[in-house]
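Reviewing the structure listed below.
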Amino acid sequence: MSVTPLAPAPAFRGRVGRDPRSGHYAVPRRYRLHLSPGHGDSLRVAVVHGLLGLDEVCPLSLLDPEPDCPDGGHSVLRPLYEASAHHYRGPAVAPVLSDGWSGRIVSTHAPDIMRDLARHFASAGPELYPRGAEAAIEAVEQLCARAADPAARDQLEQRLTARRHVLGDRLTAADVEVWVALTRLGTSAYRTGDHPALWAHVRRLGTHPAFARHLEGRPT
């Protein structure tokens, strides 16, 4: 079946634990992630989910890598979209954080999902969003959105020349952003001698189980 390119997901931007009036309390096993392997936003969420060891707290459903709908969406997600938006006609795409209590979508916005997983469900793993680092992480997110531009990679290289991780000595969400962006670029952006600290960091992260499980079939 031929499919059209994935359209942007609709703006479902609910937050877990942010506002009690929303009803989205941080209850273990209430929520489920629906992710599409190989999709950039899904990959970011999946790595954070793995780093924090949330398999039991927030179960994960992996969709078929190839959408099965002509609009680039997944038929298995359509009931969630239709329950969440009246007369919804757009593509049912991942990532999705769903609420098992209501049968509706909480969020399709990867940065919000990642932050809520880290802030409200993590009891182990690295502190991915340390206090006071939000602006720095957002700056790295913006650089990674331009990772195809050598100038953006130049700036990331500078950050890693004198540091073990993007923001210092500890693994944070900024490292997840860099790894996903560079892994998705793959060999198309790699030339011998270019950005050695950056590529060494990507390879080093790839040895961690939370990253390595997503490397099969990907150029590095």
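Brief remarks on what is shown
- The set of residues from the stretch 179-210 being farther than 28 Å from LEU52 by Cβ and of a type in the set (Val, Ile, Thr) comprises THR187, THR192.
- In summary, PRO130 fulfils each of the numbered conditions (1) modelled with pLDDT under 95; (2) part of a loop (DSSP other than H, G, I, E, B) with the single exception of condition (1).
- Summed over the stretch 116-140, the residues that are within 24 Å of SER22 (Cβ to Cβ) and surrounded by fewer than 17 Cβ atoms within 10 Å (Cβ to Cβ) give a count of 5.
- Restricting the stretch 1-24 to residues that are in contact with a helix residue (DSSP H, G or I) (Cβ under 9 Å, 6 or more places away or on another chain) and surrounded by fewer than 16 Cβ atoms within 10 Å (Cβ to Cβ), the residue that is modelled with the highest pLDDT: ARG13
- 2 or more residues surrounded by 15 or more Cβ atoms within 10 Å (Cβ to Cβ) and in contact with a helix residue (DSSP H, G or I) (Cβ under 6 Å, 6 or more places away or on another chain): qualifying strands (runs of 3 or more DSSP E) within the stretch 35-115: 96-99, 104-107
The values are calculated or read from the model by the stated rules, or taken from the named source; none is laboratory data. Fair warning: this is a prediction, and the values are worked out from it, not measured in the lab. Glycine also receives a Cβ, built like all others from the backbone with ideal geometry; neighbour counts cover every protein chain displayed.
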